[in-house]
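Please read the structure below before turning to the comments.
The values are calculated or read from the model by the stated rules, or taken from the named source; none is laboratory data. Fair warning: this is a prediction, and the values are worked out from it, not measured in the lab. We place every Cβ from the backbone using ideal geometry, glycine too, and count neighbours over all the protein chains shown.
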Amino acid sequence: MHQTESRGSFNDLTEIRNLALDHAKAAYQAERYGKYKEAFNQHTRAGNLLQQIVSNGVKKSDERRRDKLLLRASLERRDILQSLADGLQEAPPPRLPPTESTIVRDMTERRDRKIWLSLVETGDWKSLAECKNYNEWVSDQHGVPFFTPMLSPEAPDVVYRVYQTMTTRGKMHWVYFHFKDVTDVQTMYTMYAGREGKAQFDTITLARSTEYESACAVIDVQHLEGSTKSDVVGNSRIGRTLTIATSQGIPTRSDTPDRALLKHHKSTWTPRRFSYGGRRFVWREVDGDEIGEIDDLLFELKREWVNEDGQMGKDRTFDRPIASVTRGGCTSTTLKAFTISISGDVDPLFQEFILASAGGKEMVALHGHS
């Protein structure tokens, strides 16, 4: 009898959670069509249901943690829409976080005319060829179009300001990165990882704020062998491979430093390379005196070859960076962690890969050995 009652309670919470998710999705859909009052009401309904789940859920469970993130996102967007719903504001609210349905729609219709490298990842070369100015792309010796020359110099960067919070539940220490838009109002994504005691992270998860119930990227972190409980600062500087699995048919990709797991180097996270959309990219560390406060830049490679005299690859890149990371002296205890800027012409799925690449590295470097 007791087992039946417990299962019934679980089913009740699952049904309420599904209903809350339906209301939240309806809210985002209404907002995209400018129906702010309806969106406000739908977020309110979703928030009420999620609050009920959080109050009655099992403490310290993964489900309750995700429900709290969903509740936070729904109430945050509801508060943003308050003045619009009351007719006190006419300007549109901060941009909406992406959802699976909106990304699929944009990939199908390509209304924004972005250069969709993600179409190459999914094997949809025919659709890519329909993109604006495709025939003007300059190809390398393998016939794969270069990406950087097609980026518009007028397109504003998409900026994410990343804030960090930490919590301990039982033996688990959890770290959260909240990716907010440039207004610092709307949370677009949340990245989180947990570890027990002095253990290393196994996986890091990135989720859209509209869809916390499912990940848009899961990052497997290569473990550092040896003494991880001492020399915290030194260990955090040792680069390692991040294996990134994103969503919607994008193949798993590895983000690998040239000098991964080599302890005798002072800093080994960069250069760090990955492939995406048939092109090759590299993260480079930048001297602070060279380009203001920017710490890391992401470039597309024109050409690369093996350096037989050393462990670092040799390459030539385009001059224009695709993305940048600025830390500004952050530590594992500061509220603001870092800022990521990405060219506005980069499609949403490639943006999410870049966020996973940059954010995953920062998560390990700041919290992987503390």
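Do we have ILE103 as surrounded by 14 or more Cβ atoms within 10 Å (Cβ to Cβ) and either in the same structural domain as VAL346 (by TED's automatic domain parsing) or modelled with pLDDT under 80 (or both) here? Spelling it out, it is not the case that ILE103 is surrounded by 14 or more Cβ atoms within 10 Å (Cβ to Cβ) and either in the same structural domain as VAL346 (by TED's automatic domain parsing) or modelled with pLDDT under 80 (or both).
Restrict the check to the range 333-347 and report whether at least one residue is outside any helix (DSSP H, G or I), touching a Leu at 6+ places or on another chain (Cβ under 6 Å) and modelled with pLDDT under 95. Working first, answer last.
Residues of the range 333-347 that are outside any helix (DSSP H, G or I), as a first pass: 333-347.
The next check asks that each one be touching a Leu at 6+ places or on another chain (Cβ under 6 Å); those that pass are 343, 345.
Filter once more, so that each one left must be modelled with pLDDT under 95: 343, 345.
Yes, the range 333-347 contains at least one residue that is outside any helix (DSSP H, G or I), touching a Leu at 6+ places or on another chain (Cβ under 6 Å) and modelled with pLDDT under 95.
Considering PRO156, PRO149, the condition of being out of contact with any helix residue (DSSP H, G or I) (no Cβ under 8 Å at 6 or more places or on another chain), at pLDDT 85 or above and assigned to a loop (DSSP other than H, G, I, E, B) is satisfied by PRO156 alone.
Of everything in the range 154-201 that is within 30 Å of LEU301 (Cβ to Cβ) and free of Cβ contacts under 8 Å to residues at least 60 places away in the same chain, the residue that is surrounded by the fewest Cβ atoms within 10 Å (Cβ to Cβ) is GLU154. The residues listed here are LYS132, LYS126; of these, the one that is part of a loop (DSSP other than H, G, I, E, B), modelled with pLDDT under 85 and of a type outside the set (Gly, Ala, Ser) is LYS132. Among the residues making up the range 202-218, those that are buried (at least 18 other Cβ atoms within 10 Å of the Cβ) and over 21 Å from THR241 (Cα atoms) are ARG208, SER209, THR210, GLU211, TYR212.
Restricted to the range 280-316, and to residues there that are under 20 Å from TRP116 (Cα atoms) and over 20 Å from the mean Cα position of the chain (by Cα), the residue that is modelled with the lowest pLDDT is LYS302. Hey, among the residues in the range 194-225 that are polar (S, T, N, Q) and over 17 Å from ARG64 (Cα atoms), which one's farthest from the chain's Cα centre (by Cα)? Per the criteria, the residue is GLN200.
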